[in-house]
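The values are calculated or read from the model by the stated rules, or taken from the named source; none is laboratory data. Quantities reported herein were computed from a predicted structural model and do not represent experimental measurements. Cβ: placed from backbone, ideal geometry, glycine included. Neighbour counts: every protein chain shown. These accessible areas exclude ligands, DNA and RNA; they are computed on the full protein's heavy atoms, side chains included. Shrake-Rupley method; radii C 1.70, N 1.55, O 1.52, S 1.80 Å.
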Amino acid sequence: MNPSYQLISLLPPPLSNLLEQVTLLANQQGTALWLVGGVIRDLLLGVPLGRDLDLVVEGDVAALSAALVAELGANLRAAHPEFGTASLAFDLDGAAVVLDLARARREVYPQPAVLPVVEPATLEEDLGRRDFSVNAMALELRIVDGHLCAGEWHDPFAGQADLSQRCLRLLHQQSLRDDPTRLLRGVRLAARLSLHLHPATQIQIRHALSQGYLGLLSPERILGEICLALEEPQPLRLLAHADAWRLTPQIVPGLHATPHLAARLARYAAHPPRSVVLSQVVAGLLCYDLTVDDLHALTQRYPLPSPFARLLSDVPRLRDLGPQLHTDLCPSQIDQLLRPYSDVAIHVLHYAETGIAAQRAMHYLEEMRPLRLPLDGRDIQRLGIAPGPAIGKILAELRTAYLDGVIQTREQAEAWVINNR
Ligand code: ATP
Ligand code: MG
């Protein structure tokens, strides 16, 4: 069945208005536009659309993107004229939507697992270079009587039928050898959309893993996929899929889904933090039970951005803090234990632990860390202390006294400084 008419009507109105304007401009330039990839898949499934939409352009990408910037106020985020690609951000009622434009292309892989050589091609060839049948459908956008309408529909690999059976299928035998990141894209998609593997694809995956194709990829490319995985809404589900595919040991040795990890991620999902980067918290929770050797191997293997590297190096110490936070401690002792760690690390500790330890971690973040003393360094100088290390020492002692309730007011703090100088 050709679903193209329904697809246009399923677009959220702000998006369909935007695509209408984009298509009008494209048509003025004699350029044809095709909606492709994830957006088609997600519309057919009735799941929320991602923020990035892919459009294949049969025409001049640079000229179209210049018109989108000039006429629609788009923000050009990236452009590679040599590959015929451009990425443009639009503001839709305060939310950013990104359109990724690309000239129809074929890809030639000179060697396995390296970036392909790209050449202009037909739309059919462009669909043939894609990863899975469910991502290889295209709908032409047209303007009829001034309104956005469906044009031609292309589904050369029966992606629609696969989607209705929730089946994930690679397009050709060499696919995972050409680009082993498809293993990681596939597991992300299968977990997110509850897709099962086509039997032939399952065999290809087993073969790719046994041949060590993932090892042909640069660590940067694997890390890129890991970062996308960390942003998925259900990390445990994704990990369970990766375990079932026997993928995890080749990516993060030592990691696997356990009931412990499930409980931690459930606590996180029930009350996600608001003030820190969620993917960092998820990474910390996933790695919480890794051995010191496995953690070290991870930091050696991948060029981790510094917040992730710091978090992973903190994990063994955070684990030791858990039991300590269950013992009898006064507020200043908790402050001293937790002060060296980032907000992200303390969130990880909060979700990883239970009972009083979890409560203390959160209390520290919400109440103790932001606490301001009634006196600052300048006040202390005014009370007759010479600038220098003594001021820092007094401030630290004052903080202890204040946290433990020995000092409660500014007057008491001043008297304390005068008596202790
Ligand atoms: P998501 O919702 O995760 O963004 P998506 O399918 O839109 O899913 P993108 O990474 O945005 O994924 O890629 C857009 C499209 O480009 C895909 O649907 C697929 O057709 C194609 N594509 C992306 N990466 C690859 C790849 N490594 N190999 C083949 N095709 C790819
Ligand atoms: Mg996408």
In the set 274, 267, the lone residue that is without any contact (Cβ under 8 Å) to a residue 40 or more places away in the chain and among the charged types (D, E, K, R) is 274
For residue 375, which of the numbered conditions (1) farther than 30 Å from residue 271 by Cβ; (2) part of a loop (DSSP other than H, G, I, E, B); (3) without any contact (Cβ under 8 Å) to a residue 40 or more places away in the chain fails to hold?
(3)
Is it fair to say residue 252 is buried (at least 17 other Cβ atoms within 10 Å of the Cβ) and out of contact with any helix residue (DSSP H, G or I) (no Cβ under 6 Å at 6 or more places or on another chain)?
yes
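So that you can scan it fast, the table gives a plain yes or no per residue for (1) at pLDDT 95 or above; (2) in a strand (DSSP E or B); (3) more than 12 Å from ligand 2 (Cβ to nearest atom):
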site	(1), (2), (3)
35	yes, yes, no
43	yes, no, yes
53	yes, yes, no
56	yes, yes, yes
65	yes, no, yes
71	yes, no, yes
76	yes, yes, yes
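Return yes when residue 328 is open to solvent by 30 Å² or more (accessible area, probe 1.4 Å) and farther than 16 Å from residue 281 by Cα and no when it is not. Full working, then the answer.
Numbers: open to solvent by 30 Å² or more (accessible area, probe 1.4 Å): yes; farther than 16 Å from residue 281 by Cα: yes.
Against the criterion (open to solvent by 30 Å² or more (accessible area, probe 1.4 Å) and farther than 16 Å from residue 281 by Cα), residue 328 qualifies.
When you look at residue 157, is it more than 16 Å from ligand 2 (Cβ to nearest atom) and over 30 Å from residue 2 (Cβ atoms), yes or no?
Values: more than 16 Å from ligand 2 (Cβ to nearest atom): yes; over 30 Å from residue 2 (Cβ atoms): no.
When the stated conditions are applied, residue 157 does not pass them.
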What are the pairs with Cβ atoms under 7 angstrom where one residue, in the range 224-239, is over 11 Å from residue 279 (Cβ atoms) and the other, located anywhere, is among the small types (Gly, Ala, Ser)? Sequence gap at least six, or different chains.
234/191; 236/257; 236/262; 237/191; 238/191; 238/229; 239/257
Only one residue in 11, 92, 44 is open to solvent by 50 Å² or more (accessible area, probe 1.4 Å) and not acidic (Asp, Glu). Which one?
44
Could we say that residue 241 is surrounded by 17 or more Cβ atoms within 10 Å (Cβ to Cβ) and either more than 14 Å from ligand 1 (Cβ to nearest atom) or modelled with pLDDT of 95 or more (or both) here?
yes
Name every residue in the range 324-341 that is assigned to a loop (DSSP other than H, G, I, E, B) and in contact with a helix residue (DSSP H, G or I) (Cβ under 7 Å, 6 or more places away or on another chain), in order of residue number.
325, 326, 341
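Mind checking whether some residue in the range 277-284 is closer than 19 Å to residue 196 by Cβ and in the same structural domain as residue 346 (by TED's automatic domain parsing)? Even if it seems obvious, please write down each step before you answer.
If we filter the range 277-284 for residues that are closer than 19 Å to residue 196 by Cβ, which is where we start, we get none.
No - not one qualifying residue is present in the range 277-284.
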I need a count of the residues in the range 21-33 that are polar (S, T, N, Q) and either under 16 Å from residue 147 (Cα atoms) or within 16 Å of ligand 2 (Cβ to nearest atom) (or both).
4
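If a residue has to be part of a loop (DSSP other than H, G, I, E, B), open to solvent by less than 80 Å² (accessible area, probe 1.4 Å) and closer than 11 Å to residue 351 by Cα to count, how many in the range 256-299 make the cut?
Quick first cut of the range 256-299, residues part of a loop (DSSP other than H, G, I, E, B) only: 256-258, 271-277, 287-291.
Cutting the leftovers down to open to solvent by less than 80 Å² (accessible area, probe 1.4 Å) gives us 257-258, 272-273, 276-277, 287-288, 290-291.
Then keep just the ones that are closer than 11 Å to residue 351 by Cα; that gives 272-273, 288.
So the answer is 3.
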Within the group 156, 112, which residue is in a loop (DSSP other than H, G, I, E, B), away from ligand 1 (no atom under 12 Å from the Cβ), closer than 24 Å to residue 61 by Cβ and open to solvent by 30 Å² or more (accessible area, probe 1.4 Å)?
156
Can you tell me which of 325, 349, 365, 403 is of a type in the set (A, V, I, L, M, F, W, C) and farther than 24 Å from residue 261 by Cβ?
403
Out of the range 47-78, which residues are open to solvent by less than 50 Å² (accessible area, probe 1.4 Å) and more than 16 Å from ligand 1 (Cβ to nearest atom)?
59, 63, 64, 65, 67, 68, 72, 74
Of everything in the range 16-33, what is within 16 Å of ligand 1 (Cβ to nearest atom) and assigned to a strand (DSSP E or B)? Give them in sequence order.
33
Hey, residue 17 hits all of (1) of a type in the set (S, T, N, Q); (2) closer than 27 Å to residue 192 by Cβ; (3) over 27 Å from the mean Cα position of the chain (by Cα) but one; which does it fall short on?
(2)
